[in-house]
Amino acid sequence: MADPEDKKAAAGSADAEPPPKRRRRAPKPEKAAKGAKAPKAAKEEKKKRETPEVKSGQVHVYSLDGDVVKTVDLPTVFRADVRLDLIRRAVTAFQANRRQAYGPGIGAGMRHSVRWSGKGHGVSRVPRLRGTMTGAQAPGTVGGRRAHPPRPDTVWAKKINEHERRLARNAALAALKDPKMVASRGHRFPDDITLPVVIEDGIETLTPETGAAREGLKILNHLGLMSDVERAKDGRHIRAGRGKMRGRRYRQPRSVLVVVKEARTVRRLLGNLPGVEVVNPAALNAEILAPGGDPGRLTVFSEGALEVLRSWPP
């Protein structure tokens, strides 16, 4: 027979609360295998794998959709030395030769009937209007002439040799392929794009009847250069100083330079975009390639325009 005390202990344990249950953690999701990647990453890796590698002195040729078509060698003119001193000298000469002569009229401030009353009257020796004490004609008087006015016969032009001008142009061309120089000017472009940007000749034969600027925006967007045009658009501001009253109210940053053989047709696509300029190879000079004397402008060449540069001596 069981002990009555053991029965009481068993009954007391039955009346007590059961111990709390332990919470079990949910099983962790299985990690994906290291070899498996997202489909987007796989596409990007495949695209990088398909893009041909470029050697020193070579660039990609892009289609209108931004795809790499082939690889070409840059002309020898791009191997010139980047002479910053020559570039600054040529740009300064271009700017000086555009200055317009200015100065006062021949008789400005001298159209008065004045006299000097002589010494001993207790007044300064200033020419005065007859019959009054009002000073006139002297530089220090109201309405008088200027002491040292700008002369309209001043020659502002600066001479530069043709050889120096050509070397400056070639030096500015050589700076186009350096990503650091292009980025230092503030231009925005993709990291994987080759500079200068070379596009196929289809851009010169593209003549849409309507929405030409819209087609140009698509081309720049495919190349990844649209951010630089937006930078130029956001940088437009009112000029500080008197120039805002003299026909040059706004200042506009420079954006992409487009060099093609037929500039007239391409100008319909890209000519109205802020900061974008469209020229042919014959119009290239140090000022267009390096505005303000700072080399490294973001430039887009058509394949035909790049072939024209192969005949230029370095």
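Quick notes
- Unique residue being exposed (fewer than 14 other Cβ atoms within 10 Å of the Cβ) and free of Cβ contacts under 8 Å to residues at least 60 places away in the same chain when the list is P190, P179: P190
- Among the residues listed as L306, L220, L257, the single one being within 11 Å of the chain's Cα centre (by Cα) and at pLDDT 95 or above: L257
- Among residues of the range 223-237 being among the small types (G, A, S) and under 15 Å from P274 (Cα atoms), the one that is nearest to the chain's Cα centre (by Cα) is A232.
Results for (1) in contact with a Leu (Cβ under 7 Å, 6 or more places away or on another chain); (2) touching a residue at least 40 places away in the same chain (Cβ under 8 Å); (3) farther than 30 Å from I87 by Cβ; (4) among the small types (G, A, S), shown as yes or no for each residue.
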site	(1), (2), (3), (4)
M133	no, no, yes, no
V142	no, no, yes, no
R146	no, yes, yes, no
A157	no, yes, no, yes
A172	yes, yes, no, yes
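- Of the residues E287, E307, the single one that is out of contact with any Ser or Thr (no Cβ under 9 Å at 6 or more places or on another chain), over 25 Å from T205 (Cβ atoms) and assigned to a helix (DSSP H, G or I) is E287.
- Residue tally, condition closer than 16 Å to D67 by Cβ and assigned to a loop (DSSP other than H, G, I, E, B), over the range 169-202: 6
- Flag for K261 being of a type in the set (K, R), part of a helix (DSSP H, G or I) and closer than 25 Å to V59 by Cβ: no
- When the range 154-199 is filtered for residues that are more than 15 Å from the chain's Cα centre (by Cα) and aromatic (F, W, Y), only W156 remains.
- Among the candidates K158, K119, residue that is among the charged types (D, E, K, R), farther than 28 Å from E200 by Cα and in contact with a helix residue (DSSP H, G or I) (Cβ under 6 Å, 6 or more places away or on another chain): K158
- Restricting L269, L220, L289 to those that are touching an Asp or Glu at 6+ places or on another chain (Cβ under 8 Å) and not acidic (D, E) reduces the list to L269.
- Scope the range 49-89; condition among the small types (G, A, S) and exposed (fewer than 14 other Cβ atoms within 10 Å of the Cβ); matching residues: S56, G57
- Test: residue in the range 248-256 that is among the basic types (K, R), in a loop (DSSP other than H, G, I, E, B), in the same structural domain as N285 (by TED's automatic domain parsing) and closer than 24 Å to E303 by Cα: yes
- Residues of the range 117-148 satisfying the condition of being exposed (fewer than 11 other Cβ atoms within 10 Å of the Cβ) and at positive phi: G118, G120, G122, G131
- Residues of the range 197-212 satisfying the condition of being surrounded by 17 or more Cβ atoms within 10 Å (Cβ to Cβ), touching a residue at least 60 places away in the same chain (Cβ under 8 Å) and either within 19 Å of P253 (Cβ to Cβ) or aliphatic (A, V, I, L, M) (or both): V197, V198, I199, I203
- For the range 203-244, taking the residues that are of a type in the set (D, E, K, R) and in a loop (DSSP other than H, G, I, E, B), the one that is nearest to A183 (Cα to Cα) is identified as R236.
The values are calculated or read from the model by the stated rules, or taken from the named source; none is laboratory data. This is a predicted model, so every value here is computed, not measured. Every residue, glycine among them, receives a Cβ derived from its backbone with ideal geometry; neighbour counts consider all protein chains shown.
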